[in-house]
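J.: Questions regarding the structure given below will be posed in turn.
The values are calculated or read from the model by the stated rules, or taken from the named source; none is laboratory data. All of these numbers come straight from a predicted model, not from anything done at the bench. As a convention, Cβ positions derive from the backbone with ideal geometry for all residues, glycine included, and neighbour counts pool all protein chains shown. All accessible areas refer to the heavy atoms of the entire protein, side chains included, with ligands and DNA or RNA removed. Shrake-Rupley method; radii C 1.70, N 1.55, O 1.52, S 1.80 Å.
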Amino acid sequence: MTAGFLLSLLLGVVWAALGASVAQARRKGCPICCFYTVGTATAALLAWCALGFRMPGSAGELRLLLPYLTAAAFFNSLGQMIAMYNLKASGRVLAYALPQTNFIFPFLFAGLFLGGIISLWNLIGIVLIVAGICLSANGRQDKEKKSSGVLLSGRELLLGTAASFSCGLSQIALLLAVESSETSAALKSALFLTVSTLFYALGMIRSGRPAPELLRKTLGLGIVWGVLALLSYRILFGALEIMEKFHRSGVVFAISCSGAIIFFWLFSALKLCDRVSSRQLLILGLILAGILAVRLG
């Protein structure tokens with residue numbers, strides 16, 4: 001189990017690096033679908049290269065696996081696009097932190113349907129996270145408060161919640177994929193990234209090709225994201241496979257999400273020079289305390 005916890009923590013660091021690349025792409029105005037198409041295509045190509053472009057596993061296993069991975073790829077693509085759109089200068093730290101609470105959905109699902117454990121501490125943690133989300137809304141409407149860059153507007157809060165829910169559904173599908181097949185983590189990652197690329201490419205076709213200057217920036221950041229994404233999925237499936245043996249697979253997302261929030265917070269403050277207010281500290285504290293309570297439970 002220790003190996004699973006360490007992998008989950010490492011996954012949080014990689015997720016924070018992914019968030020940093022997305023924030024930079026959003027700041028530079030990179031088209032969302034084009035950025036993710038480049039990123040997932042890069043990751044998928046590397047994944048298949050690692051497999052030698054072979055399809056290990058029986059046809060029966062793949063038939064069981066593909067529906068879950070397709071659903072996971074669809075909901076993840078939708079959630080990631082919403083989250084990137086919402087990752088603007090206003091309330092950037094909270095706009096990133098809010099979708100990271102998506103682990104609540106697979107955690108509860110694993111506890112209710114996959115033999116996991118839900119304790120009183122888990123429920124207290126979820127309440128704390130919900131309280132933090134509610135406090136992140138910007139209740140005042142004056143222009144000075146709106147431009148403070150530390151809270152979320154009602155629309156931003158709604159988009160962040162939608163991104164969290166969509167990514168949560170994706171993670172539930174990934175849990176079911178692990179449960180349904182013993183196919184290797186490498187093959188799961190390659191298939192998931194390939195299907196994700198198709199969904200993003202459909203969105204790029206609809207939105208059109210960006211200008212050459214913007215395309216160069218998108219290609220560079222997209223490739224960086226792709227390398228990190230492949231690493232993250234390999235770590236994710238590895239951690240899930242270890243923790244599933246102890247019926248604690250839902251905890252993987254709790255540890256990883258808390259680490260991702262902390263490291264992205266540091267990146268945002270040090271690199272992007274985002275403001276940090278006392279209310280924002282309280283909100284992030286509530287979210288992290290909630291994640292910790294879920295983990296300790």
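J.: Share of region 152-260's accessible area from carbon and sulfur, percent, 1.4 Å?
T.: Carbon with sulfur: 68 percent of the solvent-accessible area.
J.: Another one. If you count only protein heavy atoms with a 1.4 Å probe, what accessible area per residue comes out for region 146-202, rounded to a whole Å²?
T.: It amounts to 34 Å² per residue over region 146-202.
J.: Can I ask one more? I need the shape label for region 195-288. Rule: rounded when a/c is under 1.5, else prolate if a/b > b/c, else oblate, with a, b, c from the alpha carbon gyration tensor.
T.: Taking the square roots of the gyration eigenvalues as a ≥ b ≥ c, region 195-288 is oblate.
J.: Measuring from centroid to centroid over Cα atoms, what is the spacing of region 219-235 and region 90-131 in Å?
T.: Between the Cα centres of region 219-235 and region 90-131 lies a distance of 25 Å.
J.: When the accessible area of region 59-127 is computed with all protein chains present and a 1.4 Å probe, what percentage of it is carbon and sulfur?
T.: 76 percent
J.: Could you sort out which of 188/271; 217/271; 188/217; 28/271 sit more than 25 Å apart by Cα distance in this structure?
T.: Long pairs (Cα-Cα over 25 Å): 188/271; 188/217.
J.: Answer rounded, prolate or oblate for the chain, using the Cα gyration tensor with square roots of eigenvalues a ≥ b ≥ c: rounded when a/c is under 1.5, else prolate when a/b is larger than b/c, else oblate.
T.: Oblate, because a/c is 1.5 or more while a/b does not exceed b/c.
J.: What does the charge count near residue 56 come to, summing +1 for each Lys or Arg and -1 for each Asp or Glu among other residues with Cβ under 13 Å from its Cβ?
T.: 0
J.: For region 1-52, what does the alpha-carbon gyration tensor say about shape, rounded, prolate or oblate, given a ≥ b ≥ c as the root eigenvalues, a/c under 1.5 as rounded, and a/b over b/c as prolate?
T.: In terms of gyration-tensor shape, oblate.
J.: Could you tell me the calculated FRET efficiency between residue 155 and residue 119, based on Cβ-Cβ distance and R0 = 41 angstrom, to the nearest 0.05?
T.: E(calc), rounded to 0.05, equals 0.70.
J.: Kyte-Doolittle cut-off 1.0, length cut-off 15 Å along the helix's own axis using Cα: show which whole DSSP H helices in the chain pass.
T.: Length and hydropathy pass: 2-27, 32-50, 120-135, 154-180, 185-207, 212-244, 251-270, 278-296.
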